[in-house]
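This report refers to the structure that appears directly beneath it.
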Amino acid sequence: MTRLLFLFFSLQAFHFLKSSPAREFRLSWPTPNPSFAQGLGYSTFLQKTGPDKAFSSGAFGCVRNNGYKFHEGVDLFPVKRHKSGQAKDQVFSAIAGIITYVNHNAGHSAYGKYIVMEHPNVVPSIYTLYAHLAEIFPTIKIGVKMSEAMPLGRMGNSSSFKIPLIRSHLHFEIGLRLTNQFQAWFDKKGFKTSNRHGNYSGFNLVGIDPLHFFSEYRKKTFLQPLDYLNSLPVILKVRVKSKKPTDFAQRYPSLCPNFNASASSWDCSFGPFGIPVRIEPSLQSKLSSSTFKILSYDLRGSSKPCRKLVEKTSSGYEISEQMQSYLEMIFRI
Ligand SMILES: [Zn+2]
């Protein structure tokens with residue numbers, strides 16, 4: 001009887017695990033190319049930036065302009081083309097979620113025609129982005145819910161800058177969105193250009209390395225992206241003075257577990273290339289005058305020349321302009 005009861009409860013537990021959306025994180029490769037899944041190398045799926053460039057120029061990180069320019073995602077080439085040279089490959093949703101942004105005007109963004117999805121059943125509700133599309137399928141509209149591995153459009157070379165047809169590819173990103181009030185930050189900065197993409201401007205999106213994320217998913221090292229984010233090294237910890245509530249904490253409560261709306265300073269941890277991994281009210285004394293204080297910095301963050309989180313000055317280290325922008329957006333400073 002005891003054994004039967006045990007079996008019963010085990011089956012119930014199994015059923016619970018199966019039916020809980022937070023337990024069912026599924027990730028699917030966004031193109032028809034099977035090479036990455038087969039464990040093959042960069043040359044079998046990454047689009048390089050020119051005939052003489054390394055295939056790693058299509059990877060994530062400091063891979064452009066001798067390492068000085070950051071690439072926020074991966075570039076995946078097509079496996080089938082029409083006689084005209086146009087890519088035939090469809091592009092698929094990597095994770096079940098909702099279409100939150102669609103840009104049909106190729107000339108309005110370096111991303112060209114692009115789609116952003118957000119994934120509310122995922123912890124935290126990360127975004128995925130699909131760029132340089134030749135075609136966005138007519139059913140793909142803001143608010144439409146998608147399962148994973150559903151067709152979104154066709155791969156292409158659309159962009160506000162020239163991408164030759166031969167280098168058609170999908171630019172694919174995974175990451176976190178900093179603010180719901182991007183326009184307010186943008187207006188304050190006084191940029192000469194206009195923001196045509198609301199909260200889905202690339203400035204407001206911070207990516208993680210998609211290939212590393214897929215590799216770790218296939219090795220089953222995490223159940224939810226939160227575990228993955230927690231496994232990344234903390235490169236920078238910074239204390240921020242701000243009394244304004246942050247919508248980042250509301251959208252990603254798992255990254256801000258002890259959120260307290262009345263806090264006046266916050267300790268924020270950032271992973272490689274500035275991905276925010278934890279924000280908590282500061283338990284220490286309040287900051288006196290300055291808005292930011294570096295609490296710790298891992299020198300591994302300086303080993304690459306691009307997307308630095310801090311800059312060395314004559315008196316020590318201070319946060320980089322990029323990091324300051326991130327903090328301004330998160331805390332509406
Ligand atoms: Zn790209």
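Computed quantities for the displayed model
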item: Wholly within region 77-136, strands (runs of 3 or more DSSP E) carrying at least 2 residues that are within 16 Å of the ligand (Cβ to nearest atom) and either hydroxyl-bearing (Ser, Thr, Tyr) or buried (at least 22 other Cβ atoms within 10 Å of the Cβ) (or both); result: 113-118, 127-136
item: Leading residue by the ranking (nearest to SER93 (Cα to Cα)) among those in region 37-67 that are more than 16 Å from the ligand (Cβ to nearest atom) and assigned to a loop (DSSP other than H, G, I, E, B); result: ALA37
item: Checklist (1) without any contact (Cβ under 8 Å) to a residue 24 or more places away in the chain; (2) touching a Ser or Thr at 6+ places or on another chain (Cβ under 8 Å) applied to SER315, failing item; result: (2)
item: Output for region 186-209, where each listed residue is within 18 Å of LEU327 (Cα to Cα) and in a helix (DSSP H, G or I); result: PHE186, ASP187, LYS188, LYS189, ASN199, TYR200, GLY202, PHE203, ASN204
item: Qualifying residue in region 161-178 (condition: over 19 Å from GLY58 (Cα atoms), among the aromatic types (Phe, Trp, Tyr), assigned by TED's automatic domain parsing to the domain that holds VAL79 and in contact (Cβ under 8 Å) with a residue 12 or more places away in the chain); result: no
item: Residues satisfying the stated conditions in region 41-67, i.e. in contact (Cβ under 8 Å) with a residue 24 or more places away in the chain and under 20 Å from SER215 (Cα atoms); result: PHE45, LEU46, GLN47, GLY58, ALA59, PHE60, GLY61, CYS62
item: Some residue of region 191-198 being within 30 Å of ASN230 (Cα to Cα), within 16 Å of the ligand (Cβ to nearest atom) and of a type outside the set (A, V, I, L, M); result: no
item: Cβ pairs under 7 Å, 6+ apart, first in region 278-289 and within 13 Å of SER262 (Cα to Cα) and at pLDDT 75 or above, second surrounded by 10 or more Cβ atoms within 10 Å (Cβ to Cβ) and of a type in the set (Ser, Thr, Tyr); result: SER282/SER265
item: Unique match (being out of contact with any strand residue (DSSP E or B) (no Cβ under 9 Å at 6 or more places or on another chain), surrounded by 16 or more Cβ atoms within 10 Å (Cβ to Cβ) and without any contact (Cβ under 8 Å) to a residue 40 or more places away in the chain) among PHE203, PHE182, PHE186; result: PHE186
item: Any hit, region 198-207, residues being of a type in the set (A, V, I, L, M, F, W, C) and at positive phi; result: no
item: Complete set of residues in region 237-253 that are among the small types (Gly, Ala, Ser) and more than 23 Å from the chain's Cα centre (by Cα); result: SER242
item: Residue in region 163-182 that is more than 17 Å from the chain's Cα centre (by Cα), away from the ligand (no atom under 15 Å from the Cβ) and more than 23 Å from LEU46 (Cβ to Cβ) present; result: yes
item: Residues of region 293-318 satisfying the condition of being surrounded by 17 or more Cβ atoms within 10 Å (Cβ to Cβ) and in a strand (DSSP E or B); result: LYS293, TYR297, VAL310
item: Long-range neighbours under 7 Å by Cβ, at least six apart or interchain, first residue at negative phi within region 68-84, second aliphatic (A, V, I, L, M) and more than 11 Å from the ligand (Cβ to nearest atom); result: VAL74/LEU211; PRO78/ALA87; PRO78/MET155; ARG81/ALA87
item: Scope region 115-143; condition without any contact (Cβ under 8 Å) to a residue 24 or more places away in the chain and either of a type outside the set (A, V, I, L, M, F, W, C) or touching a Lys or Arg at 6+ places or on another chain (Cβ under 6 Å) (or both); matching residues; result: PRO120, GLU135, PRO138, THR139
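The values are calculated or read from the model by the stated rules, or taken from the named source; none is laboratory data. The shown structure was predicted, so the numbers you read here are calculated from the model rather than taken from an experiment. Positions of Cβ are backbone-derived with ideal geometry, glycine not excepted, and every protein chain shown enters the neighbour counts.
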